[in-house]
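Here is the structure we will look at, set down as structure tokens.
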Amino acid sequence: NLFNSISYELRRVNAKEGLQYAEKAIKLSREIGYKKGEAEGNRFGGINLYRLSQFDSALVYHARAENIFVELKDEHGLAANNNNIGNIYLARTALPEALKYYQKALAINERIDNQADLANNLTNIGNIHSNSSQFSEALKSYNRARLIYNRTSNRYSEALTLGNIGSIYMSLGDYLNAMENNQLSLKMYDSLGDQSGKADNLVRMANILQA
């Protein structure tokens with residue numbers, strides 16, 4: 001578990017070393033017959049390989065993780081693994097495949113009432129629809145995600161989602177709603193002291209006023 005935790009924490013700062021810790025977790029888990037640890041080791045190995053842009057190898061690791069999660073009937077792990085696979089296909093701009101795996105993760109998290117990860121799935125699905133110019137579908141997903149973020153007091157993710165909603169309204173030519181959502185997002189970022197988020201909002205608001 002410690003090897004896996006270190007692997008996960010290293011994913012954004014040193015993915016190569018993160019992969020090494022995942023391999024240590026897999027090796028030790030196999031030696032002691034700890035299936036959960038082996039599944040997570042493969043999942044975290046896949047995440048680190050994704051960060052290294054080694055997408056084919058990442059998919060191999062996630063496939064191994066999926067087999068073990070299914071064997072263990074671990075729906076939390078299976079949902080997270082599907083979301084990770086969706087990220088890989090998104091990085092490859094294979095949007096239909098990415099959407100399929102995000103929706104698989106969403107269905108599981110809805111079934112087990114995993115609200116935090118459910119909101120993340122909805123955000124990812126909203127991003128796919130937005131990139132595909134399916135703006136009404138994007139709004140549905142973003143609005144559902146925003147409600148969950150609000151209910152679970154995840155203010156940073158709520159602020160980000162409000163900005164996404166504002167961008168969709170901008171694309172639809174609904175400048176009033178676009179401005180309103182960006183203003184709400186700006187206030188939230190301000191309360192969080194997030195200068196980068198505020199800057200993004202101000203740029204979007206300037207674009208709305210210019211349109």
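Mind checking which helices (runs of 4 or more DSSP H) fall wholly inside segment 1-94 and carry at least 3 residues that are more than 20 Å from ASN120 (Cβ to Cβ) and more than 16 Å from the chain's Cα centre (by Cα)?
Details: elements: 2-9, 15-32, 35-51, 55-72, 75-91.
Ranges flagged: 2-9, 15-32, 35-51, 55-72.
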Within segment 146-165, track down each residue that is of a type outside the set (Val, Ile, Thr), closer than 18 Å to ASP194 by Cα and either open to solvent by less than 50 Å² (accessible area, probe 1.4 Å) or without any contact (Cβ under 8 Å) to a residue 24 or more places away in the chain (or both). TYR149, ASN150, SER153, SER157, GLU158, ALA159, LEU162, GLY163, ASN164
If you check LEU176 against the conditions, is it over 22 Å from SER191 (Cβ atoms) and of a type in the set (A, V, I, L, M, F, W, C)? yes
When segment 12-66 is checked residue by residue, the ones that are open to solvent by less than 80 Å² (accessible area, probe 1.4 Å) and acidic (Asp, Glu) are GLU17, GLU23, GLU38, GLU40, GLU66
Does ALA98 satisfy being touching a Leu at 6+ places or on another chain (Cβ under 6 Å), within 23 Å of ARG51 (Cβ to Cβ) and buried (at least 23 other Cβ atoms within 10 Å of the Cβ)? yes
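Residues that are more than 21 Å from ASN131 (Cα to Cα), open to solvent by 20 Å² or more (accessible area, probe 1.4 Å) and among the hydroxyl-bearing types (Ser, Thr, Tyr): does segment 171-180 have at least one?
So in segment 171-180, the residues more than 21 Å from ASN131 (Cα to Cα) come out as 176, 180.
Keeping just the survivors that are open to solvent by 20 Å² or more (accessible area, probe 1.4 Å) gives 176, 180.
Subset that is among the hydroxyl-bearing types (Ser, Thr, Tyr): none.
For segment 171-180, residues more than 21 Å from ASN131 (Cα to Cα), open to solvent by 20 Å² or more (accessible area, probe 1.4 Å) and among the hydroxyl-bearing types (Ser, Thr, Tyr): absent.
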Residue by residue through segment 104-123, note down the ones that are surrounded by fewer than 23 Cβ atoms within 10 Å (Cβ to Cβ) and either touching a Gly at 6+ places or on another chain (Cβ under 7 Å) or farther than 15 Å from ARG144 by Cα (or both). LYS104, ILE108, ARG111, ILE112
Go through segment 100-149 residue by residue and tally those that are small (Gly, Ala, Ser), part of a helix (DSSP H, G or I) and within 19 Å of ASN164 (Cα to Cα). 8
I'd like to know if segment 181-197 contains one or more residues that are modelled with pLDDT under 95, within 17 Å of the chain's Cα centre (by Cα) and part of a helix (DSSP H, G or I). no
Under 8 Å between Cβ atoms, at least 6 apart or on separate chains: pull out the pairs that start in segment 1-29 with a residue that is among the hydroxyl-bearing types (Ser, Thr, Tyr) and end on any residue that is not in a helix (DSSP H, G or I). TYR21/LEU10
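The values are calculated or read from the model by the stated rules, or taken from the named source; none is laboratory data. Since the model is a prediction, treat every value here as computed from it, not as a measurement. All Cβ positions, glycine included, derive from the backbone under ideal geometry; neighbour counts span all protein chains shown. Accessible surface areas use protein heavy atoms only, side chains included; no ligands, DNA or RNA. Shrake-Rupley method; radii C 1.70, N 1.55, O 1.52, S 1.80 Å.
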